[in-house]
Every structure is written in C-alpha cells, then in structure tokens.
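The values are calculated or read from the model by the stated rules, or taken from the named source; none is laboratory data. Note that the structure is predicted; figures quoted are calculated from it, not measured. Don't worry about glycine lacking a Cβ; one is built from the backbone with ideal geometry, like all the others, and counts go over all protein chains shown. Only protein heavy atoms, including side chains, enter the accessible area calculation; ligands, DNA and RNA are left aside. Shrake-Rupley method; radii C 1.70, N 1.55, O 1.52, S 1.80 Å.
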Amino acid sequence: MKTKSFFSFFVLFFLNFSVFAVDLQVQAQQHAKVKFLICTVGKKTAKLEALANRIQKDFLFTNQFAVSCRNISTLKNKSNVKKFYNEGFPLVLFLKKGNGRKAIEWRLYDTQDASMLVGKNYIKRGKKLDEWGHHIADAVWPTLTGQEGFFSTKVAYCKEVRKPGKKLLKHVYIADFDGSNEKLLVSTSTINVAPRWNRDPDKPLLFYSEHTNKNVRLVMVNMKGHRKVVANFDGINMLPAFSPDGKQVVFCASRGGGSCQLYLYQKGILKKLTDNSGNNISPTFSDDSKSLFYCCDVRNRCPQIYKYNFETGKSERLTSSGYCVSPSFCAKKNQLAYAKMVRGTMQLFLHDLSTKKDKQLTFDVGNKEECSWSSCGNYLLFAVETRKESRLAMLNLNSNERKFITAGNSVCCYPAWSSPYSNFSAG
Amino acid sequence: MLRWRCKVLPKLRRHFFWCKLFFVSIIGHLFLLFGLLFAYKGTYFSFAVTINRSALGSGAPVVFLPFRKTVKSASVVSSVQKRNKKPKQKSNKKTVVKKLAQKKIVQKKKKKNAKLKTLAVKKEAVKVAKKPKAKKSSKNKASRVAHKKAESKKNIEKVVQTQPVKESGDQPIYVGQLEMAAIQMQDEMHQEVSKSWKPPAGLPKDLQCCVKIVVDWNGRVHEAIVEKPSGVLMYDISARTAVAKLDELPRWARGKEFSITFKQ
C-alpha cells in the first residue's frame with residue numbers, strides 16, 4: 001500500500017508540473033442567444049403550462065435567450081438534471097405546484113454540475129396568471145443577468161378613439177411591458193393626456209390631465225378605475241413628477257396666468273418653483289431629490305432642458321441649442337433622455353450628467369416624443385409618430401434593437417413606464 | 001561480493017533486496033525526469049506568457065529572427081522586461097565592486113608586508129589609520145565612476161534627443177524561434193475559440209470573464225472552470241458553453257492548460 005501511494009504521489013506530482021498556462025483574450029465577433037429550458041414538473045396542468053409560456057414570452061422579449069418549454073413527470077436525482085446539459089441547455093428553470101393552493105415552487109439549475117442557483121416558493125399575488133409569471137421572471141432575472149427585472153412593470157399611454165359622428169377622444173390605457181394585456185382604464189368622453197405613475201410601490205396610481213370646458217385638470221385614477229380630481233386650478237394642470245420617496249410632487253400649472261409654471265406640493269403646502277415669462281413643463285426628479293430637470297422656453301421661445309437646484313433655488317441650462325423637450329431622468333445610468341429636433345424631425349438624445357456630453361440615439365424618419373425609462377435603465381419607451389399613425393416603441397440601449405409594442409393602425413401617445421409595484425391589482 | 005551476499009541471503013530476502021533496488025532506481029529516474037521536465041517547462045513557460053498580443057495587434061511589422069531562440073526586445077515583450085529586469089547598470093556596479101575588492105586585497109597584501117617590518121603595536125595603529133583612507137579612496141573611485149556614468153548617460157540622452165521620435169506602432173517587433181512558435185499557437189487557439197464564442201446581445205460592453213480549461217489527450221476540453229466570473233451568470237455560461245464546443249484542438253494543445261479571457 002505504502003509503495004502504491006508513494007508511486008501515485010510521484011505520478012501526480014509529475015503530471016501537475018507537466019501542464020503550462022497560456023493566456024488568451026478573445027473578442028466576440030457574433031452574438032447568440034443562451035439556451036434556456038423551462039420545465040414543469042409533475043402532472044401537466046393548463047395553469048402550470050400557461051405560467052411556463054408566460055415566463056418564456058418574457059425572456060424571449062429580451063432577445064437574449066432561446067427558451068423552450070417542456071413537461072417531465074418526475075425529477076429523481078442529479079443525473080436527471082445533467083441530462084439537460086447534454087441536450088444543450090446549460091440552464092433550466094423547474095416549475096412545480098408548491099405546498100398549498102396559492103404556492104408555486106420554482107428552482108433555477110445550472111445543469112453542468114446539477115447545482116441549484118436559486119429557488120423559491122412563490123406565493124401568488126393578484127388574480128391573473130400572467131402577473132404570477134411576470135413575478136417569477138422578475139425573481140429569476142437578477143440571478144441570470146445581475147440586473148433588476150422589469151417584467152412586472154406596466155406601461156400607461158393614451159390612445160385616440162374616433163367614433164363615427166362623434167368628436168375625437170383620447171382614452172388612457174395600461175398594458176404589460178410588452179404591450180400585451182391591454183386594459184382600458186379611463187374611457188370618459190373627454191380628451192385625456194399625459195399619464196404619469198406615482199412612486200408608492202404598494203399602491204399604484206396613475207395621474208393624467210383631462211380636458212374640460214373650463215380648464216385642463218389633473219385627475220388621479222387607481223387600477224380599478226376609480227377617479228379623483230387632484231388639481232383643478234384655472235388653465236393647465238398637468239404632468240406631475242414624484243420624488244423617489246414619493247413625498248414631493250412637482251406639477252405644471254398656469255393658474256390663470258399666461259404661462260405654465262412649476263409648483264411643488266409638499267406636506268399640504270403649494271410652492272411656486274419657477275417664475276418666468278416662458279412655459280415650464282415636463283418636470284422629472286433626480287435620484288437624490290435635490291434637483292429637478294424640466295423643459296423651459298423662456299429664451300427665444302425655443303425650449304431647452306434646465307436643471308433646478310432645490311437648495312439654491314437657481315436653474316442651470318443643460319442643453320445649448322436646438323428644440324429640446326420632454327426630459328426623462330434615469331438614476332441607474334445618471335443620464336437624461338430627451339427629444340430634440342434634428343432637420344425637422346424629433347430624435348432621441350441622451351445627456352450624460354457626469355460627463356455632460358450628449359449622444360444621439362435615433363436617426364430614422366418619424367418624430368420620437370415623450371420618452372420614458374424602464375426601471376432597469378436598459379430600455380427607453382417612446383412614441384414614434386409618422387403621418388398616418390403613432391406607435392409606442394421600446395429601444396434596447398445595449399443592443400440598439402427597437403420593438404413596437406402597439407399595433408400599427410392605432411394612434412398611441414404619451415407613454416409612461418411604471419416602476420415595479422408589488423401588486424397591480426391592489427390600490 | 002554481491003554474489004556472495006545474494007547466496008547468503010535467504011530467498012525471500014533476496015527478492016526483497018532486488019525489489020528495493022528496482023524501486024530506488026525508479027525513484028532516481030523519476031527525480032531525473034522531473035528535473036529535466038522542470039527545466040524544460042521553465043523555458044517553455046517564459047515564452048508562452050511573454051508574448052503581448054496587443055503589441056502585435058498594433059500593426060507593427062514582425063521581424064522573425066530564425067537563428068535566435070528568444071529576443072527580449074522592449075517592443076515585443078513587456079512581462080519579460082519585468083521579470084528579467086537586471087539592468088546593465090547593475091552589472092557595471094558589480095564589476096566596479098569587484099575591481100575595488102581586488103584593489104583592497106592588493107593594498108592589504110602591501111600592508112601585511114609593512115606589518116612584518118614594523119613593530120606589532122605600531123602596525124596595528126597604522127592599520128587603523130590606513131583602513132579609512134583606503135575606504136575613502138575607494139569611495140572617491142566609486143564617485144568618479146558614477147560621474148563618468150552620469151556623463152555617458154547624458155551623452156546617450158543627447159543622442160536619443162537628436163534622433164527622430166518613432167511611433168510605437170512603427171517600431172518593428174523582433175521575434176525569436178520560441179516567440180514565433182508561441183504567436184502561432186496563440187493565433188491557432190484564438191481562431192478556434194473565437195469560432196464558438198457568441199455571447200448574448202444586450203449586455204454591458206465592459207463585461208469579461210476568465211475561463212481556465214484543461215485539454216485532454218484527445219484534444220477535447222476535459223475541464224472548464226470559470227476563474228474570474230463577470231458577475232453576469234448568462235455571460236459566464238455562454239463563455240463556458242463556447243469552451244465546451246471546442247472539439248479536436250491542435251496536437252500541441254493536448255494535455256495543457258489555458259486561461260481564456262472572454263470579452264464582448
């Protein structure tokens with residue numbers, strides 16, 4: 001035995017030093033989707049299958065995964081998991097009916113070594129199966145990409161409705177992030193524009209402006225469709241912006257004056273922030289709530305993007321030239337997206353607040369307006385307006401891919417992307 | 001003597017003796033082999049690591065020197081410089097020190113002769129008095145040498161300043177046999193890996209992960225370990241998948257270990 005072990009030690013020692021290391025650096029020349037399998041375990045049920053399909057759609061939307069769905073009766077041991085690796089699936093998400101009526105068990109596996117990466121017992125929130133799917137996808141996504149999931153967010157927008165013999169109306173709709181499950185939220189016989197989401201993660205609320213015979217008033221609506229007027233001053237009341245903690249609100253109001261000014265509402269007190277001869281619109285808070293970005297046309301009636309400092313009460317101009325409107329701030333990237341007119345067409349631009357440099361994002365035909373960031377900071381939602389139609393499009397800032405989320409024959413505008421809420425059925 | 005011993009020993013013991021001898025010889029051979037391999041590996045390792053692809057990728061012309069094993073020129077290799085940084089100045093210093101030591105010895109000999117002639121007490125006093133002088137003289141010489149060096153340096157600098165400054169990209173890269181072989185190996189391996197490296201789109205562009213692979217004797221990847229993960233699981237997995245797709249690697253790569261950095 002001793003001689004054997006002695007000999008084996010020498011052989012191992014010998015082999016260990018026989019290898020040498022070569023360092024290589026390889027740059028990617030092509031892109032490919034990662035193969036991903038969603039596997040329902042146990043008896044095949046319609047609900048579980050629909051859930052798997054929903055998660056599949058969510059992951060397919062990102063164009064980063066090639067997702068397949070399958071059902072297996074049992075999962076006995078690790079070798080069963082390793083089989084999937086041989087089939088070309090390095091990652092598998094197992095879905096199973098959990099303990100209790102309202103539970104779904106999910107586990108993400110690395111199939112090479114059959115190790116579980118993450119797994120949870122999801123308790124169903126809300127009544128819709130699609131929402132459950134979005135929630136599970138959101139829970140899995142950070143493990144896969146290291147980024148926050150955005151699948152359970154919603155998109156609010158206005159859609160033109162033209163009935164024969166009646167005047168033009170604009171209704172407020174909400175839909176899933178990919179435009180599916182469109183739901184009519186406000187269908188009054190008025191023109192409703194510019195919806196904005198609040199920042200309370202447990203109670204989603206939507207604020208929009210309603211054109212009446214007297215004024216344009218600010219109305220709040222919950223996800224069940226219950227409405228309440230929140231600002232009814234003379235003239236224009238619109239475009240509220242909430243601070244990250246949700247305690248401060250800034251909105252635009254003309255209050256019978258000729259121009260639109262910004263007002264801060266905090267602890268029941270209304271304070272006028274701007275006082276100039278121009279129109280001050282589209283406010284958006286910075287991450288630390290110490291500054292506010294907005295659009296103002298005080299100089300030569302040509303709108304520019306400004307930064308208002310709450311501590312000093314002074315404004316600083318960020319853009320120098322052109323016709324710049326609708327700023328939208330992203331805390332994750334410390335960037336400001338806005339629309340600027342380039343040769344008669346509105347194009348999207350990014351302003352980096354750290355480097356103070358501007359970058360043009362879009363170059364094609366069609367006016368791009370009213371951009372809104374995704375919660376992860378990787379996507380921009382905006383309206384693309386051509387002569388006949390206006391559609392909502394989503395731009396992936398990493399891959400520069402664009403996807404339309406509304407149909408081609410409709411006129412959709414004023415998109416607003418929500419932050420993640422715990423439950424959209426609540427409120 | 002041995003025969004006699006063998007005859008004296010009982011049969012079992014005799015066998016045991018031969019076994020022992022056999023085993024000792026095997027161990028000796030193994031040690032020898034190991035030593036050889038270590039020496040071989042040492043030289044191999046140095047050239048495998050030293051090639052700087054970025055320097056090669058700069059568009060500079062590569063000059064192959066077929067009669068030299070390695071060329072440790074500044075433009076080719078950065079890591080070699082760091083490792084083998086034994087500047088010529090040091091060697092100069094060494095020679096200067098040696099010369100000084102020789103002079104000291106000569107002086108000591110002279111002193112010893114003087115010692116024999118004078119009284120012991122006086123000799124000791126003279127010794128004590130002379131030693132610092134000798135040191136002083138050596139110091140003076142050293143300072144003179146330093147002055148000379150500084151002057152020569154200044155001259156060199158003047159020469160460099162007068163020459164037109166060349167761009168690093170234009171400077172030719174001189175490559176010896178071993179370096180050339182390493183470049184070819186790296187190129188071959190690079191081509192093989194880049195065929196299968198297809199990360200998913202839409203990820204941050206600064207991601208990179210390092211995968212260590214061990215190639216078996218059939219040319220297939222025996223083991224793949226993510227050494228430095230990128231922090232994005234799907235990126236690491238796509239890198240691992242790219243490595244797993246490698247099939248029938250070149251012969252020289254067999255039984256060896258590679259660390260591959262995957263970039264976007």
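Taking region B:222-264 as the range and being open to solvent by 40 Å² or more (accessible area, probe 1.4 Å), more than 7 Å from chain A (Cβ to nearest Cβ) and not in a helix (DSSP H, G or I) as the test, the residues that pass are B:222, B:223, B:225, B:226, B:227, B:228, B:229, B:245, B:247, B:248, B:254. Check whether at least one residue in region A:390-402 is open to solvent by less than 50 Å² (accessible area, probe 1.4 Å) and touching a Pro at 6+ places or on another chain (Cβ under 6 Å), and report yes or no. Within region A:390-402, one or more residues are open to solvent by less than 50 Å² (accessible area, probe 1.4 Å) and touching a Pro at 6+ places or on another chain (Cβ under 6 Å). Against the conditions (1) under 17 Å from residue A:175 (Cα atoms); (2) at pLDDT below 90, residue A:388 satisfies every one except (1).
All of (1) without any contact (Cβ under 8 Å) to a residue 24 or more places away in the chain; (2) at positive phi hold for residue A:105 with one exception: (2). Counting only residues that are farther than 17 Å from residue A:369 by Cβ and not hydrophobic (A, V, I, L, M, F, W, C), region A:321-356 holds 9 of them. When A:321, A:354 are checked against the criterion of being at pLDDT 90 or above and not in a strand (DSSP E or B), A:354 stands alone in meeting it.
All conditions but one from (1) more than 7 Å from chain B (Cβ to nearest Cβ); (2) modelled with pLDDT under 85; (3) in contact with a Lys or Arg (Cβ under 8 Å, 6 or more places away or on another chain) apply to residue A:19; the one that does not is (1). Which residues, taken from region A:389-405, are more than 12 Å from chain B (Cβ to nearest Cβ), in a loop (DSSP other than H, G, I, E, B) and over 20 Å from residue A:341 (Cα atoms)? Scanning region A:389-405 gives a single hit, A:405.
Tell me, which residue of region A:70-122 that is over 15 Å from residue A:55 (Cα atoms) and among the aromatic types (Phe, Trp, Tyr) is surrounded by the fewest Cβ atoms within 10 Å (Cβ to Cβ)? Per the criteria, the residue is A:85. Going by what's in this entry, would residue A:328 be described as hydroxyl-bearing (Ser, Thr, Tyr), part of a loop (DSSP other than H, G, I, E, B), open to solvent by less than 30 Å² (accessible area, probe 1.4 Å) and closer than 19 Å to residue A:241 by Cα? Here the answer is no, as residue A:328 does not meet what is asked. Quick one: how many residues across region A:299-314 are open to solvent by 40 Å² or more (accessible area, probe 1.4 Å) and within 29 Å of the chain's Cα centre (by Cα)? Qualifying residue count for the region: 3. Does region B:142-164 include one or more residues that are modelled with pLDDT under 50, part of a loop (DSSP other than H, G, I, E, B) and exposed (fewer than 14 other Cβ atoms within 10 Å of the Cβ)? The answer is yes; a qualifying residue exists.
Contact map, region A:128-144: first residue of a type in the set (D, E, K, R), second residue assigned to a helix (DSSP H, G or I) and surrounded by 19 or more Cβ atoms within 10 Å (Cβ to Cβ), Cβ cut-off under 8 Å, separation 6 or more or different chains; pairs are A:130/A:54. Scanning region A:232-262 for residues that are part of a strand (DSSP E or B), under 27 Å from the mean Cα position of the chain (by Cα) and without any contact (Cβ under 8 Å) to a residue 24 or more places away in the chain gives a single hit, A:249. The number of residues in region A:161-199 being out of contact with any strand residue (DSSP E or B) (no Cβ under 8 Å at 6 or more places or on another chain) and assigned to a strand (DSSP E or B) comes to 0. The set of residues in region A:20-48 that are surrounded by 21 or more Cβ atoms within 10 Å (Cβ to Cβ) and over 29 Å from residue B:214 (Cβ atoms) comprises A:38, A:39, A:40. Scanning region B:211-221 for residues that are more than 10 Å from every other protein chain (Cβ to nearest Cβ), open to solvent by less than 80 Å² (accessible area, probe 1.4 Å) and of a type in the set (D, E, K, R) yields one hit, B:216. When you scan region B:191-203, how many residues do you find that are touching a residue at least 24 places away in the same chain (Cβ under 8 Å) and facing chain A (nearest Cβ under 7 Å)? Adding up the residues that qualify gives 6.
Taken over region A:49-69, the criterion of being part of a helix (DSSP H, G or I) and open to solvent by 20 Å² or more (accessible area, probe 1.4 Å) is satisfied by A:49, A:50, A:53, A:56, A:57, A:60, A:61.
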